[in-house]
């Protein structure tokens, strides 16, 4: 069974770490959001690609949800004393990824090629694919102006009220090599429990991608990122409220309705089921909180079972 | 008393750490070799500027002679596992300097401005001046071909036999802002005990610099880097031999003869004195081995005394 996943950061990484324990890892292709990517002191940082890579490599830091485990910040401390902007916390081990990638890109490699080389160096057998090789940074439009994503997310701690999103240059961005093929050839496509606006949204905005999902013969399953009226992690709930939507899995399902076959609700939200299910959309219930590896594997197995 | 110094790496840094304990640091300008500068994984590395900066900041690593004290190599370990070329040992704390400088240069700063900002962030009151803001990399011509300096020095461990040197693009390199002024306005110019071919040689090759030394009213004093028939550190002795010269302070004095007023020989080389002294060149004897701070301060004081 071949599986493609659309992935943001931590929630996606958790589910993927379950999936690679059930399916042969080489049968999994992960299409990753690059809207969060940014330059920091000249280094190219790709937060979601790194979270997925580190998690599949077993290097992820469960305490923080970002970066590498067993990390130190000695370079950052000195950058701070040199007067640099150090609001983005880059550890010494994490830094190697950014230096490697930046050098590869400067030497003419595509982001796909650099990502693939990093994954292979970590012994990862799944394919990790950036959604596109073209920079298409997420802009968060707020009542305090339009902000680059990391500016909104890290520096401003998601405090400005959101009015909308755009993905700069996305109209000229092609899906990265392998992305459309992964969707076309998959038996199952999993939309991971990531923020629908700023993690899955940029992926769906890549020209041709949404259409590829709609025509794919694969069973397309989304796992809710909203449980019991709140996001499991991050600003998705606040964003829904600020955009005038219900903080509900139904809002998420609405965003994916044109290509979705199955929506997986959390057991805590049984009441929402009837708001989502329809002639073309099946709803299944599962424990979607993945705090342990056991629960990740259980959810992964559940997804494969319902897709069959 | 205003002092200008021509400096390579470790030997120069030792003498300077003595000088700043006697003279007001702000009266000292250090003109530093940049011929060793190179790019490593996209980062701009300036070994001699960093050795001087770290030493004057009290951050130098006396155990290695390069890099920062209390150093770790966690980023480098991961770069190694990513398959990068890690023959140049960059520590986590040291890395901050290279990231800062590379970003500053990419943002349009000159090397002078970046160097000055780094020095000020470290609380250094002396002026640290790159010899030029224009890249002019040292090429070592050997019996095994022409090698970039770090390739010869670090990767090949100075093993190929040297036939000569060139400084690529030096003919179009102007002295960095402040360099000619520092020489013109100095009461004393000290040529530090650094390799005359690959540390002082590139500085002297910057157009206008040698002439500025020749016409400067300052007393120009060189401290020998050769003691008892060998270089105190590094390949200077081997280079002299391979170039068919005597491994002698006299060879060094010959290279500086057109602008030198005083040559400081080590006490161990009293016999060489008559080979060097002449109508326009005075020879003084001192303990030039600077293994302790006390001996660095003594030598510094000696230089000031003989220049008066």
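Observations on the model:
- For the condition buried (at least 19 other Cβ atoms within 10 Å of the Cβ) and free of Cβ contacts under 8 Å to residues at least 24 places away in the same chain, residue B:237 qualifies.
- Long-range neighbours under 6 Å by Cβ, at least six apart or interchain, first residue without any contact (Cβ under 8 Å) to a residue 24 or more places away in the chain within region B:263-281, second part of a loop (DSSP other than H, G, I, E, B): B:267/B:287
- Any pair with Cβ under 6 angstrom, 6 or more apart, that starts in region A:1-18 at a residue that is on the phi > 0 side of the Ramachandran plot and ends at one that is surrounded by 24 or more Cβ atoms within 10 Å (Cβ to Cβ) and at pLDDT below 95: none
- Against the criterion of being within 19 Å of residue A:49 (Cβ to Cβ) and surrounded by 16 or more Cβ atoms within 10 Å (Cβ to Cβ), residue A:191 qualifies.
- Where residue A:245 falls short, out of the listed (1) part of a helix (DSSP H, G or I); (2) closer than 18 Å to residue A:200 by Cβ; (3) more than 17 Å from the chain's Cα centre (by Cα): (1)
- Hits in region A:140-176 (condition: part of a strand (DSSP E or B) and surrounded by fewer than 18 Cβ atoms within 10 Å (Cβ to Cβ)): A:141, A:145, A:146, A:148, A:163, A:164, A:166
- Residue B:198 being modelled with pLDDT of 95 or more and assigned to a helix (DSSP H, G or I): no
- Of the candidates A:154, A:162, the single residue that is within 17 Å of the chain's Cα centre (by Cα) and on the phi < 0 side of the Ramachandran plot is A:154.
- In region B:7-121, counting only strands (runs of 3 or more DSSP E) that sit wholly within it, the ones holding 3 or more residues that are closer than 23 Å to residue B:132 by Cβ and within 14 Å of another protein chain (Cβ to nearest Cβ) span B:38-40, B:43-45.
The values are calculated or read from the model by the stated rules, or taken from the named source; none is laboratory data. In this text the structure is predicted, and so the values were computed from the model without any measurement. Please note: Cβ atoms are built from the backbone with ideal geometry, for glycine as well, and neighbour counts cover all protein chains shown.
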